[in-house]
Amino acid sequence: MRIAVVDGHPDPAKERFCHRLAAAYAEGARLSGYDVRVVSIAELDIPFLRSQAEWLHGTLPPQLKQAQDALAWADHLVIIYPLWLGDVPAFLKAFLEQIARPGFAFTAGGGLPTPAALKGKSARLIVTMGMPAFVYRWYFLKHSLTSLKRNVLGLVGVRPVRETIIGAVDTTDHAKWLDRIRALGRRGR
């Protein structure tokens, strides 16, 4: 299996937990013989789209072509990100908007889009946050995960999409979580 891991933390500081989670998943997957490509958005120059015309008719910035190719190449996508202001970080959103342009992620044409290059892939979303996971799940209805799962990945044909929520990240046992995520990578899930 081919796996693309998107490290969606925009801060390049190596001590960020999301970076360590991405490395642990990739390590576990490689130990099982899977081919893995890691895309770290913190290392990319990602311009923000400012209009519908730019999104529909603009060209993918050349520095993002390798990342888009990694997602097209993969059978399984893993997106790891911190919850910021209740949602994905703006920089990760900018990355997804650039990568999932019409003609790649879907074909447009009256009505609902038709999935294209990402159709038939599976995914795992891993989100970290300061609040306890059960609060995010039950009180906030895990809305950023649901939006990413349904409105982005589901719309372009990525199924199934599994999720892992890591709450209370400042006080949780990081070593335990790294072991769990490494085990997910070993299973390609």
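No lab work stands behind these numbers, since they all come straight from the coordinates. Computed from a predicted model, the values in this text were never measured in an experiment. All Cβ positions, glycine included, derive from the backbone under ideal geometry; neighbour counts span all protein chains shown.
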Quick calc of log₁₀ I(q)/I(0), the stretch 37-189, Debye, one scatterer on every Cα, no solvent, q values 0.10, 0.15 1/Å, result -0.38, -0.85
Restricting to lysines and to Cα separations under 16 Å from Lys93, and discarding same-chain partners fewer than 8 apart, the set is Lys149
As straight-line cross-link partners of Lys176, the qualifying lysines (C-alpha separation under 20 Å, not fewer than 8 residues apart within one chain) are Lys14
Taking Cα atoms, the helix 174-187 axis meets the longest principal axis of the chain at an angle in degrees (rounded to 10) of 50
Under the 7 Å Cα-to-Cβ spin-label approximation, Thr171 and Ala183 lie apart by a distance in nanometres of 2.4
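Is it possible to state the helix-based mean residue ellipticity at 222 nm for the chain, with each DSSP H run of 4+ residues giving -39500 (n - 2.57), the sum divided by total residues, to the nearest 500 deg cm²/dmol? What is it?
Calculated from helices alone, the mean residue ellipticity at 222 nm is -10000 deg cm²/dmol.
In the stretch 1-80, which trypsin sites (Lys or Arg not before Pro) fall in coil by DSSP and have 14 or fewer other Cβ atoms within 10 Å?
Those that pass, being in a loop and sparsely packed, are Lys14, Arg50.
What FRET efficiency do you get for Asn151 and Lys14 if R0 is 25 Å and r is their Cβ-Cβ distance, rounded to the nearest 0.05? Display every interim value, and only then the final one.
On the way: r = 32 Å, r/R0 = 1.27.
Once rounded, the FRET efficiency stands at 0.20.
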Rounded to one decimal in nm, the spacing of the 7 Å Cα→Cβ label points at Glu43 and Gln66 is 0.7
Using alpha carbon centers only, the stretch 1-57 is separated from the stretch 63-104 by a whole-angstrom value of 7
A chain fully extended from Leu112 to Arg30 at 0.36 nm per residue, minus the present Cα-Cα distance, gains in nm 25.8 nm
Footprinting proxy, Ile165, Ile46: sorted fewest to most Cβ within 10 Å, the residues are Ile165, Ile46
Candidate cut points under chymotrypsin sites (Phe, Trp or Tyr not before Pro) in the stretch 14-73, DSSP loop plus at most 13 other Cβ atoms within 10 Å of their own Cβ, are Phe48
So, over other residues within a Cβ distance under 15 Å of Asn151, counting Lys, Arg +1 and Asp, Glu -1, the net charge is +2
